Structures are given as structure tokens and as C-alpha cells.
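The values are calculated or read from the model by the stated rules, or taken from the named source; none is laboratory data. Given the structure is predicted, the values throughout are model-derived calculations rather than measurements. Note: ideal-geometry Cβ built from the backbone for every residue, glycine included; neighbour counts use all protein chains shown. With ligands, DNA and RNA removed, areas are computed over all heavy atoms of the protein, side chains included. Shrake-Rupley method; radii C 1.70, N 1.55, O 1.52, S 1.80 Å.
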Amino acid sequence: MQARAVLASVLAVALVLSGCAQPNRTIAPAGAPRPVESTTPPTPSPRPTITKPALRPLPPKLPAGLRRNTGVRPVALTFDDGPSPAWTPKMLDQLRAAKVTATFCVVGREVQRHPELVRRIVREGHQLCNHSWRHDLDLARRPVAEIQADLARTNKAIQTASPGAKVSFYRQPGGRWTPEVLAVAKKLGMHPLHWSVDPQDWDKPSAATIGKRVHTAARPGAVVLLHDGGGNRAATLAACPHLIADLKQRFGITRLH
């Protein structure tokens, strides 16, 4: 019996070593190279390439059809990039004190954020102008459908803030006009509004410099570009009382029509 047990043990060991106990296992012959596992990560599937439409070039000069004067002797004041809760109310206070009106070229997303300021602008007799949804300097170079959607979205925000408010004008950010954006503005019932006096207050010169530039450049019927939004407008605010008094005395100030 003991001999049989020993024999059985020897046979079992032999079966294990020969692989018979694991029928699915392959035993490589002695001296054969062992397979090497790849360490290179799998190549991901390529993502689809989205090609954006090429931007149209800007025309070499401003296209015809832009509104750049009042058509009468008095000049017009325009304020861009608002409404701003920091600066627009103070500009409105000054205009009310001087008993003059202006045109506010408003940015759609700022209108959406501060609808109460749009209502005040309208309530105090000022004119509204569409200045695009997010002040996209390249908007006029984009596909026509994109331009129209942007301007329509801004008009809708203005109407939501102040139902029934008239939006008579559109001003292209940066004055970077193309015939396409002019056509869209006119299709939506807006006159394309440019300017004839730009003191570059957006670059934050001193109040004295702003006032001097406006005084020097102003002519009868001028459209003056100023800003009540888009940054710190303390210098513009400081320049306005003297600037407005000077323009009133020399030419008068009118609302655009």
C-alpha cells in the first residue's frame, strides 16, 4: 500500500510538470524566446476636423451708406459699450443736468445683465442703437447668417428689457464695416451709424485730452463717439460737463433721427 501511494505521488508530479494537469496551457520549448508585451498605447481614432468659415477681408475704405453726421448744424453725442452700472447712470445724470439727449449704442449681453438701465435710457428720452451681442470686432466679416443672428439676438434683448423701444441704428464694433453687415442692419430696419469725431476715450487718455480732441475735431453736424461702458470711464465722465457745454455753445446738441 505504501509503495502504491508513493507511485501515485510520483505520477501526479510528472503530470503537473508535463502540463497534462492544465490542458489549455502551452509549454514553450526549451530555449524559445518568450513573447514580449507591447508598451505602445493604442492609437486613438482621429477626431473630425471642424473647419470654420474664412473671414472676409475688410474693404480698403469705409463702404458707402454710413450715417456720419446729423444732417443739421447741431451735433450728436453717442455713447458705446454699455449699459454699465458703474458709468451709465452717471452719464445719464450729466445729460439730464445739461438738458441734452444722446444715442446709447448698447451691447446685447450687457442689456441682458442690466435691463433697468435700458429702461432708464428710454424713459429719459435718449436714442437706442444696437452695438452687437458681445462687441465682436470681426462680426462684419463672418457669414451673413451669423451676423443676422447676432443683431437679431441683441434687438430681442433690448425689446425684452424695454418692450416697444425703437432701435433705429446699428453701430459695428470698432467701425470695422463690410457691405454685408450694412445690408443686414438695413434688412432689420436699422441705419448703420458711424461717427465723425473720435477722441479715442477708449484708450483712457486724460479728461483734458478728451475735451481738447473733441473741441478740435468737431464741426457742424458732427457725430461724436464716446464710451459709457467697456472699462473704466472716469476720464470720459470727467470730460463730459465741459465738453457738452462747449458743443452746446458752438453748435447745439441734437438727438439723431
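Residue 185 - would you say it is part of a helix (DSSP H, G or I) and farther than 30 Å from residue 153 by Cβ?
Working: part of a helix (DSSP H, G or I): yes; farther than 30 Å from residue 153 by Cβ: no.
So residue 185 fails the test.
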Margin query: So, in the range 151-165, how many residues would count as being under 30 Å from residue 53 (Cβ atoms) and either out of contact with any strand residue (DSSP E or B) (no Cβ under 9 Å at 6 or more places or on another chain) or open to solvent by 60 Å² or more (accessible area, probe 1.4 Å) (or both)?
Written below: 5
Notebook entry, point to check: Within the range 233-254, which residues are open to solvent by 20 Å² or more (accessible area, probe 1.4 Å), more than 21 Å from residue 171 (Cα to Cα) and not in a helix (DSSP H, G or I)?
Noted result: 251
Next item on the list: For residues that are closer than 27 Å to residue 154 by Cα and in contact with a Lys or Arg (Cβ under 8 Å, 6 or more places away or on another chain), scanning just the range 199-219, find the one that is surrounded by the fewest Cβ atoms within 10 Å (Cβ to Cβ).
Entry: 200
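From the residues in the range 117-149 that are part of a helix (DSSP H, G or I) and in contact with a strand residue (DSSP E or B) (Cβ under 9 Å, 6 or more places away or on another chain), which one is most open to solvent (accessible area, probe 1.4 Å)? Break it down stepwise before answering.
So the first thing to find is which residues in the range 117-149 are part of a helix (DSSP H, G or I), and the list is 117-123, 139-141, 144-149.
Filter once more, keeping what is in contact with a strand residue (DSSP E or B) (Cβ under 9 Å, 6 or more places away or on another chain): 117-118, 121-122.
Values: 117: 15, 118: 0, 121: 0, 122: 54 Å².
In this case the residue turns out to be 122.
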Margin query: When you scan the range 220-228, do you find a residue that is within 13 Å of residue 73 (Cα to Cα), in contact (Cβ under 8 Å) with a residue 40 or more places away in the chain and open to solvent by 70 Å² or more (accessible area, probe 1.4 Å), even just one?
Written below: yes
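Hey, any hits in the range 153-173 for a residue that's free of Cβ contacts under 8 Å to residues at least 24 places away in the same chain and in a helix (DSSP H, G or I)?
yes
Quick test for you: out of 177, 195, pick the one residue that is under 30 Å from residue 53 (Cβ atoms), touching a Gly at 6+ places or on another chain (Cβ under 8 Å) and assigned to a loop (DSSP other than H, G, I, E, B).
Numbers: 177 fails: touching a Gly at 6+ places or on another chain (Cβ under 8 Å).
Being under 30 Å from residue 53 (Cβ atoms), touching a Gly at 6+ places or on another chain (Cβ under 8 Å) and assigned to a loop (DSSP other than H, G, I, E, B) holds for just one of 177, 195, which is 195.
Mind checking which residues of the range 77-103 are within 26 Å of the chain's Cα centre (by Cα) and within 17 Å of residue 169 (Cβ to Cβ)? Explain how you work it out, then say what you get.
From the range 77-103, those within 26 Å of the chain's Cα centre (by Cα) are 77-92, 102-103; that's our starting set.
77, 78, 79, 80, 81, 82, 83, 102, 103 - these are the residues of the range 77-103 that are within 26 Å of the chain's Cα centre (by Cα) and within 17 Å of residue 169 (Cβ to Cβ).
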